[in-house]
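Here's the structure we're looking at; comments come further down.
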Amino acid sequence: MPRLVAGVDLGGTTASLALADLDGTIVHENKIATESYGGPQRVLERIAEGILALAEEAGQKPAALGIGLPGLVDMESGTSRFMPNLPTNWVNVEVSQILSALIGCPVKLINDARAATLGELRFGHGREADSLALFTLGTGIGGGIAIDGKLRLGPIGAAGEFGHLAVLPYGPMCGCGNRGCLETLISGPALTGEAVRLVRSGRAPILNELVKGDISLVTPKTMAEAANAGDDVLKATITLRGEYLGIGAANVVMIVHPEIIVLSGGVAEMGELILEPVRRTIRERVSMVPTEAIRVEKSQIGERAGLCGTLALAADTVTGEPS
Ligand SMILES: [Zn+2]
């Protein structure tokens, strides 16, 4: 039987678990509720139980495990530094050590957006491009950089926090303490918040009709539907926010000069409404380096990118290849 590795993509509400062979082909997988209110020790125990259950099905324990966490991690020491969306924030939790003792294999940590970048590099657009920058556009905004076929991480794995590129010097306050970060302008909550304001002021009538006045149904998906059906003020708002993202992407282009910029997460599902202003803004604002060949595309593997990346990280641990 080929050797197996394990991957975990830990989110605020669910954790995706998988066992795969060293090529990343998933053989068993499962989703569990994170139940983050139980605290880090309990969450990690539940993850270990879930992985061991999959290992029992497979008849084999994993040779290594990769886990993607939603926040700042120290890859070197295997500890979580700060998880903004999990109770207690998981400050200095020895995640590698705890999981390794429970499961009995080496455990590697990685930030979830960096995991998604590694997943995209190995199994998505990276198959046709050696250099890419990935933006995860969800509840928050994350990112990652791959240059010359390798994920680039920096000393603790924090390289690529694109969500906190400031594009409006006096823009909204961000959770990070800065102002006008991309996360305050084009994350899912930032976009839907603006759409709700338009609904309430009668300037997004089609969206209002679509959600039947229930603002809890305002999502990037319903926003895109209404904008494409003729809600012009809403569409202009999305375009403007897409241009802000384009300014951030233009800055990334100046630093990395990637072959492709990949957008993933719920906001990327708005498709051309977001992709077009990003492409246009890069062309308008970058002239120092060639931009004609830089593509801006939606992720090829979508929400599975993070899980695929953790499996690749675990496989690299076994084969000795650097990520
Ligand atoms: Zn910020």
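Residues Val211, Val289, Val91 in ascending order of nearby Cβ atoms (within 10 Å, fewest first): Val289, Val91, Val211. Here, the chain is characterised by an Rg to Rh ratio of 0.99, where Rg is the alpha-carbon radius of gyration and Rh the Kirkwood radius.
Could the peptides 22-35, 243-256, 50-63 be put in order, highest first, of the mean number of other beta-carbon atoms found within 10 Å of their residues? Show your work: numbers first, answer last.
Working: 22-35: 14.6, 243-256: 21.1, 50-63: 16.8.
Final packing ranking: 243-256, 50-63, 22-35.
Computed from Cα atoms, the angle from the helix 232-256 axis to the main principal axis of the chain rounds to 50 degrees. Per-residue Cβ neighbour counts within 10 Å put Ile156, Ile98, Ile110 in the sequence Ile156, Ile98, Ile110, beginning with the fewest.
Each DSSP beta bridge with both residues in the chain is either parallel or antiparallel, and the antiparallel ones are about 60%. Only the Cβ atoms of Lys and Arg (+1) and of Asp and Glu (-1) were treated as charged; on that basis the dipole of the stretch 54-112 about its Cα centre amounts to roughly 60 debye. Seen from Val93, the other residues with C-beta closer than 13 Å to its C-beta sum to a net charge of -1, counting Lys and Arg as +1 and Asp and Glu as -1.
Taking the longest Cα principal axis of the chain as reference, the axis of helix 188-200 is set at about 30 degrees. Each of Phe162, Phe135 has some number of other Cβ atoms within 10 Å of its Cβ, and from fewest to most they run Phe162, Phe135.
Each Lys or Arg adds one and each Asp or Glu takes one away; over the other residues whose Cβ falls under 12 Å from the Cβ of Arg285, this sums to +1.
For the set Lys31/Lys235; Lys150/Lys235; Lys108/Lys235; Lys61/Lys221; Lys150/Lys298; Lys31/Lys221, the pairs lying more than 32 angstrom apart at their alpha carbons are Lys31/Lys235; Lys150/Lys235; Lys108/Lys235; Lys61/Lys221.
Here each label is just a point 7 Å from Cα along the line to Cβ, and for Leu240 and Arg3 those points are 5.5 nm apart. When Rg and the Kirkwood radius Rh are both evaluated on Cα atoms of the stretch 41-164, their ratio Rg/Rh stands at 0.99. Counting only Cβ charges, +1 for Lys and Arg and -1 for Asp and Glu, the dipole size of the stretch 213-323 around its Cα centre is about 200 debye.
Computed from Cα positions, the angle between helix 112-123 and the longest principal axis of the chain comes to roughly 80 degrees.
At a 10 angstrom cut-off on C-beta neighbours, averaged per residue, how do the peptides 307-319, 113-125 rank from highest to lowest? Before the final figure, lay out each step's value.
Details: 307-319: 25.5, 113-125: 28.8.
Per-residue mean Cβ counts within 10 Å order the peptides as 113-125, 307-319.
In summary, the convex hull built on the alpha carbon positions of the stretch 129-300 has an orientation-averaged projected area of 10.3 nm². A cut-off under 10 angstrom between Cβ atoms defines the neighbours of Ala315, and their net charge, with Lys, Arg +1 and Asp, Glu -1, is -2. Model label points for Leu217 and Ala158, set 7 angstrom from Cα along the Cα-to-Cβ axis, are 4.3 nm apart.
Sequence-distant contacts, meaning Cα pairs under 8 Å at least 6 residues apart, place the relative contact order of the stretch 129-300 at 23 percent. Compute the distance in nm between two label points, each set 7 Å from the Cα along the Cα-to-Cβ direction, one at Asn92 and one at Ser287. Placing both labels 7 Å beyond Cα along the Cβ direction yields 5.2 nm. Give the shape of the stretch 31-110 as rounded, prolate or oblate, defined through the alpha-carbon gyration tensor: a ≥ b ≥ c are the square roots of its eigenvalues, a/c under 1.5 means rounded, and otherwise the shape is prolate if a/b is larger than b/c and oblate if not. Oblate, because a/c is 1.5 or more while a/b does not exceed b/c. Between the alpha-carbon centres of the stretch 137-174 and the stretch 258-291 there is a gap of 15 Å.
Every read-out reported here was derived from the displayed coordinates using simple, explicitly stated rules and does not represent laboratory data. Computed from a predicted model, the values in this text were never measured in an experiment. With ideal geometry, Cβ positions are generated from the backbone for all residues, glycine too; neighbour counts draw on all protein chains shown.
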